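To start, the structure itself, in structure tokens.
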Amino acid sequence: MNDTLIKAYAFNDNARVYVATTTQLVKEAQKIHDLWPTASAALGRFLTGSVMMGAMYKGALNHDDTELTLRIDGDGPLGGMVATTNALGHVRGYVGNPHVFMQYNSGKLNVKAVVGDGHLHVTKDLKVRDIFTSSVKLTSGEIAEDFAYYYTVSEQIPSAVSLGVLVGEDNHIIASGGVIIQMLPGHKEEDIVAVEEALKKLPPISEWVAQGHHALDTLQQLTGGDHKLLETMPLSYTCDCSREKFERGLIALGQEELLTMIDEDGHIETTCHFCGKKERFEPDDVTALIKEANQ
Ligand code: ZN
């Protein structure tokens, strides 16, 4: 089952519903970063919430080239998380420490404990002029509630968010997905009640996806078929790093720093935090970079 996001209007057209399946992209993240179960659950939920937030910009006021960077600076053993995403369904991310495994007594993965206290920061680069960052304190550390709090407080959009990753005992990713329902201006109290009822009837999203339900099934389940489908888009773990981007990063370090690094190691190796790709720069490459920077 490919990762997919769908958007629809429902609940008397007074709510926007986003449903995503993200099993494949979370599998990819786990493979790249060697995530242990609780890190998989934390980053998986975070990537799912992030890619859904990015997708909200698709088609909105020509913001298709919007880029979002989301960061959680929690003080728990996970050591924080970063995700970047865009309006096209591409997402990538990493955690400070991938090797964390904490459970509740019930056996459920304890994401809250590995994340700790901190903030969720959202930086939007709308490629127009300014870059905006807004931050909210983590209210739960279980990620979904933190996204809901962000939308409600920072964007004044009352939102319900459900994010879930099911990790098998052998540490493989069984399923991952998310639901976001946002109330639109003019909604009535009865619409909120209807949304709450619909969410109550939906099993935990990770278990529901594990049963083989794709995004459209989930939408159907939530709305009873009473919705207007707006869009279906594929989602993927995509990194757009390149040697050229690393070159720019190296140039930014300055000539002195680069020469010191060459003196110490004989070469410079860079590693992409998001996809693990390595680039090696020999002394001649570095000399050329310095020359270029000084031109
Ligand atoms: Zn990369």
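The values are calculated or read from the model by the stated rules, or taken from the named source; none is laboratory data. Since this is a predicted model, take the numbers as computed values, not measurements. Methodologically, a virtual Cβ is constructed for each residue, glycine included, from the backbone with ideal geometry; neighbour enumeration extends over all protein chains shown. Ligands, DNA and RNA are excluded from the accessible area calculation, which covers all protein heavy atoms including side chains. Shrake-Rupley method; radii C 1.70, N 1.55, O 1.52, S 1.80 Å.
In the chain, the DSSP beta bridges split such that about 95 percent are antiparallel, to the nearest 5. Accessible area per residue for segment 253-295, computed on protein heavy atoms with a 1.4 Å probe, is 69 Å². Of the listed residues 23, 133, 260, the order by accessible area with a 1.4 Å probe, largest first, is 133, 260, 23. Under 5 Å between amide hydrogens, built in the peptide plane, is the criterion, and for residue 35 it picks out nothing among residues at least 5 positions away or on other chains. Along its three principal directions, the equivalent ellipsoid of the chain from the Cα gyration tensor extends over semi-axes of 37, 22, 17 Å, largest first.
Distances between every pair of Cα atoms in segment 18-139, grouped in 5 Å steps from 0 to the bin holding the largest one, split as 2, 12, 21, 22, 19, 14, 6, 3, 1, 0 percent. Around the Cα centre of the chain, unit charges on the Cβ atoms of Lys, Arg, Asp and Glu (plus for the first two, minus for the last two) sum to a dipole of about 720 debye. Over all distinct Cα-Cα pairs of segment 192-295, the Kirkwood formula returns a hydrodynamic radius of 18.4 Å. Calculated [222 nm] ellipticity per residue, helices only, for the chain: -11000 deg cm²/dmol; basis is -39500 (n - 2.57) per DSSP H run with n ≥ 4, divided by all residues, nearest 500.
Heavy-atom surface analysis with a 1.4 Å probe gives segment 1-107 a carbon and sulfur content of 46 percent of its accessible area. Farthest toward the positive end of the dipole of the chain, out of 66, 213, 236, is the Cα of 213, where the dipole comes from beta carbon charges about the Cα centre. In this structure residue 137 has an accessible area near 120 Å², from a 1.4 Å probe over the protein heavy atoms.
Here the gap between residue 199 and residue 248, fully extended at 0.36 nm per residue and compared with their Cα-Cα distance, gives a gain of 13.0 nm. Rounded to the nearest 20, the Cβ-based charge dipole of segment 214-295 about its Cα centre (Lys and Arg +1, Asp and Glu -1) stands at 420 debye. Across the chain, the longest run free of exposed loop sites, meaning GluC sites (Glu not before Pro) lying outside DSSP classes H, G, I, E and B with no more than 15 other Cβ atoms within 10 Å, spans 1-154.
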